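Note sheet for the following structure.
Nothing in this text is a laboratory measurement; each read-out follows from the coordinates by a stated rule. Keep in mind that what you see is a predicted model, and the values were worked out from it rather than measured. Methodologically, a virtual Cβ is constructed for each residue, glycine included, from the backbone with ideal geometry; neighbour enumeration extends over all protein chains shown.
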Amino acid sequence: AQSVTQPDIHITVSEGASLELRCNYSYGATPYLFWYVQSPGQGLQLLLKYFSGDTLVQGIKGFEAEFKRSQSSFNLRKPSVHWSDAAEYFCAVDGPAGTALIFGKGTTLSVSS
Amino acid sequence: GAGVSQSPSNKVTEKGKDVELRCDPISGHTALYWYRQSLGQGLEFLIYFQGNSAPDKSGLPSDRFSAERTGGSVSTLTIQRTQQEDSAVYLCASSLDRDPLSTQYFGPGTRLTVL
């Protein structure tokens, strides 16, 4: 069955430093992969998605993610973190028959000044 | 345009009572999803509607949970005889259609607290 693992529950990064959030998936075929962000008191917002083609995907707010089939990973990166990036980040994969999403448990990002 | 809206934003109820949570999807979106976000559990899929097709109820945790979607638009999630373990944030999402290429847009959620 499909599943998503986000190994890091909480990460703290200094403002201006680079960021990498890890995501590993289990899937029988080529997955559709997503990263969502949830800011305090707000709904989930899609940052980026991967379906096929170029394994490096660009998203909103300066984020990017790289699909690595050999490592079953889809890590999210940002070269320089801003204080406004503090939020919870969820990696997701499409579920059976490509319907609902299967989410990881999330990584909370704190940004220190 | 207007996004996905949910009401109420917060609901406090007593154990054993029934509750109804409402979701208004984005106009024109045929697919509608309910998820539950519990502390430490991440987001769990509950139920999915696509147009006039029978809903996918495979994520509902018990028969106390049900949902309907009237006229292919507004959806109501009903929890009967609420239990304390039902306390969570209930999120609704909609997408243009069932294709995974269609982005799911999420509402702000309803925070349910069962005392």
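Okay, here's what the table says:
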item: Cα-Cα P(r), chain B, percent of pairs per 5 Å interval; result: 2, 13, 23, 26, 19, 10, 5, 1, 0
item: Fully extended contour minus Cα-Cα distance, from A:Ser14 to A:Ser80, at 0.36 nm per residue; result: 22.8 nm
item: Per-residue mean of C-beta atoms belonging to partner chains within 10 Å, peptide B:51-64; result: 1
item: Cβ-placed point charges (K, R +1; D, E -1), dipole of chain A about Cα centre in debye, nearest 20; result: 160 debye
item: Partners for A:Lys68 among aspartates and glutamates (Cα-Cα distance below 15 Å; same-chain residues under 8 apart left out); result: A:Glu20, A:Asp54
item: Inter-chain shielding of B:95-104 (mean C-beta neighbours from other protein chains, 10 Å cut-off); result: 4
item: Residue with peak Gaussian network fluctuation, chain A [Cα springs, cutoff 10 Å], from A:Leu46, A:Leu76, A:Leu21; result: A:Leu46
item: Charge-dipole axis of the protein assembly as shown as Lys and Arg at +1 and Asp and Glu at -1 on Cβ define it, positive-most pick from B:Thr76, A:Gly41, B:Gly107; result: B:Thr76
item: Three semi-axes of the equivalent ellipsoid, chain A, Cα gyration tensor, whole Å, largest first; result: 23, 14, 12
item: Cross-link pairs B:Lys11/B:Lys57; A:Lys61/B:Lys57; A:Lys49/B:Lys11; A:Lys105/B:Lys17 - those with Cα-Cα distance over 27 Å; result: A:Lys61/B:Lys57; A:Lys49/B:Lys11; A:Lys105/B:Lys17
item: Average beta carbon contacts from partner chains per residue of A:42-48, 10 Å cutoff; result: 5
item: Square roots of five times the Cα gyration tensor eigenvalues for the protein assembly as shown, Å; result: 29, 21, 16
item: The protein assembly as shown - charge dipole about Cα centre, Lys and Arg +1 at Cβ, Asp and Glu -1, debye rounded to 20; result: 180 debye
item: Assigned charges on the beta-carbon of Lys, Arg, Asp, Glu; chain B dipole about Cα centre (debye); result: 220 debye
